[in-house]
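Below is one structure, written out as structure tokens, with a few remarks after it.
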Amino acid sequence: MRTPKAVAALALVLTLVACGTGPDVRGEQGVVVHAANGDVRIPAPPSRIVSLSPTHTETLFAIGAGTQVMAVDDRSDVPAQAPRTDVSAFDPSAETVIGMAPDLVVVSDDRNSIVEALGRAGIPVLEEPAAKDLDGVYDQIEDMGRATGHTGGAERLVTDMRARIDRAVQGRKGQGLTYFHELGPELYTATSATFIGRAYQRFGLANVADGAARPGGDYLQFDTENLLHADPDLIFLADTRCCRQSPGTVAKRPGFGNLKAVARGDVVPLDDDVASRWGPRVAELYEAIARAVAAARR
């Protein structure tokens with residue numbers, strides 16, 4: 001089960017604003033990439049990259065920079081060949097990372113003030129926080145391409161993602177349908193103001209949790225009675241791996257058997273990571289939503 005602390009950590013990962021935009025500046029001093037931590041100069045294409053973000057690990061391999069990655073954090077499980085270590089993504093040790101002698105470190109946020117610590121050691125760091133929208137996703141992928149010398153790979157990836165998402169959204173309109181996105185069996189969820197919420201908005205789906213949101217509270221624990229009363233057309237489970245939830249477990253919850261999404265078979269299992277990471281597999285999330293909307297029993 002996801003504890004409030006775990007959900008809060010997930011919310012932090014999903015709500016930080018992406019800042020990696022703008023063109024690179026090339027010259028005798030290498031390339032300068034505009035990231036959340038400012039203009040980062042990378043003297044030459046890096047060959048010893050450390051990634052402390054599961055999302056960015058996926059991106060690095062997807063754009064063709066996988067052979068340059070020497071180490072990744074303990075939560076970077078995609079792709080399988082990523083050189084996973086016991087360095088914590090949530091509590092990273094600057095001393096340990098410095099000892100690896102990397103020539104580029106990629107992070108999604110500045111935990112333990114690691115950006116400053118690595119900077120003092122003369123190690124370039126790209127801080128690329130969680131994207132707030134698809135444009136932010138594409139900008140970060142392009143940043144990774146410039147930083148690693150794989151601009152072509154990054155451009156191809158972005159083009160492919162755009163095309164897949166456009167195809168998923170086209171003709172898969174969910175106007176008139178409501179949904180609930182479950183982050184944990186305790187009914188933690190996200191509103192339409194979040195990255196994940198915006199994905200559902202592209203399909204015209206209405207989030208039953210929006211009315212319960214408070215200012216700044218885009219991640220919240222929904223009330224069971226309110227959910228039963230809202231009776232959403234679709235329920236998406238983003239807790240199938242962490243919490244072993246499934247359409248079957250949902251149906252066994254008190255009162256849930258009467259929900260139309262349960263009765264009609266419109267409880268949709270998602271891969272937790274696909275639903276929480278903002279990297280290359282975002283297209284898979286849109287395609288999963290498209291299939292659910294197309295199959296929804298109205």
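None of the figures in this text is laboratory data; all of them are computed from the coordinates on show. Predicted model only: the values in this text are computed from it and were never measured. Every residue, glycine as well, gets a Cβ built from its backbone with ideal geometry; the counts of neighbours run over all protein chains shown.
The table below lists the values:
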{"item": "Rg(Cα) / (2.2 N^0.38 Å) computed for segment 82-216, rounded to two decimals", "result": "1.34"}
{"item": "Largest-first principal axis extents of the Cα set of segment 17-167 (Å)", "result": "45, 37, 28"}
{"item": "Net lengthening on full extension, Glu155/Arg41 (0.36 nm per residue, minus Cα-Cα)", "result": "39.0 nm"}
{"item": "Gained length - Ala263 relative to Asp166, 0.36 nm times residue gap less alpha-carbon distance", "result": "31.8 nm"}
{"item": "Rounded Å value of the spacing that divides the Cα centres of segment 34-50 and segment 179-223", "result": "35"}
{"item": "³J(HN,Hα) computed for each position of segment 85-99 - Karplus, 6.51 cos²θ - 1.76 cosθ + 1.60, integer Hz, glycine/proline x", "result": "10, 9, 5, 6, 6, 9, 9, x, 9, 4, 4, 5, 5, 4, x"}
{"item": "Value of [θ]222 nm, deg cm²/dmol, for the chain, DSSP H segments ≥ 4, -39500 (n - 2.57) each, nearest 500", "result": "-10500 deg cm²/dmol"}
{"item": "Two-decimal ratio, the chain, of alpha-carbon radius of gyration to 2.2 N^0.38 Å", "result": "1.05"}
{"item": "Relative packing of peptides 251-257, 132-138 - highest average C-beta neighbours within 10 Å first", "result": "132-138, 251-257"}
{"item": "Gain on full stretching of the segment that runs from Asp223 to Asp74 - 0.36 nm per residue minus C-alpha separation", "result": "50.3 nm"}
{"item": "Overall form of segment 172-295 per C-alpha gyration tensor (a/c, 1.5; a/b vs b/c)", "result": "rounded"}
